[in-house]
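What follows is calculated from the coordinates using simple rules that are stated; it is not laboratory data. Please read these numbers as outputs of a predicted model, since none were measured by experiment. Glycine also receives a Cβ, built like all others from the backbone with ideal geometry; neighbour counts cover every protein chain displayed.
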Amino acid sequence: MREISIDSDFDVGEITSKINKLMSEWPIQLLDIIGPNWIVFGYDMKVKFVLIFDADFNDLETQIKLEDLRLNVIHHIESLKGLHIGIT
């Protein structure tokens, strides 16, 4: 399992790229993106990596960045599904 710590001044684009790259390298079954720790499980349901956000979740700017990041990750997952079934 790989742990990635992310502090409160993270760049959404940079972290999105890092997460997308990691997800492209691993066969992913489940992504738990609720709360301060995002957990990525493989098809064997073993934890492949954990993103640990060391951020103030009450800060509005941090909340916006996390929501942007969450949407970017969901969009990437949807694009992978399209590739998997042959849809572009």
| request: Only loop residues by DSSP count here, and only those with at most 12 other Cβ atoms within 10 Å; note down the chymotrypsin sites (Phe, Trp or Tyr not before Pro) in the stretch 2-88 that meet that. | output: TYR43, PHE57
| field | CD proxy at 222 nm, helix term only [per DSSP H run n ≥ 4: -39500 (n - 2.57); per residue of the chain; nearest 500] | value | -15000 deg cm²/dmol
| request: Evaluate the relative contact order of the stretch 2-84 (contact order divided by residue number), counting alpha-carbon pairs under 8 angstrom at least 6 apart; express in whole percent. | output: 34
| field | Placed amide H near ILE4: partners under 5 Å, 5+ positions off or other chain | value | VAL50, LEU51, ILE52
| remark: Helix 12-25 sits off the longest principal axis of the Cα atoms of the chain, rounded to the nearest 10 on a 0 to 90 degree scale, by 30
| said: Just to be sure I understand: if I project the alpha-carbon convex hull of the chain onto a plane and average over all orientations, what area do I get in nm²? | reply: 5.7
| request: Determine ³J(HN,Hα), in whole Hz, for all residues of the stretch 56-66 in sequence, where each value follows from phi through the Karplus function 6.51 cos²θ - 1.76 cosθ + 1.60 and θ = phi - 60°; x replaces Gly and Pro. | output: 7, 6, 8, 6, 4, 4, 5, 4, 5, 4, 5
| request: Subtract the Cα-Cα distance of GLN29 and GLU67 from 0.36 nm times their separation in residues, and report this length gain in nm to one decimal. | output: 11.5 nm
| said: Amide H of ILE28 versus every other amide H placed in the peptide plane: which residues, excluding those fewer than 5 positions away on the same chain, fall under 5 Å? | reply: none
| message | Checking the cross-link filter: which aspartates and glutamates have an alpha carbon closer than 16 Å to that of LYS21, excluding same-chain neighbours under 8 positions apart? | response | GLU3, ASP11, GLU78
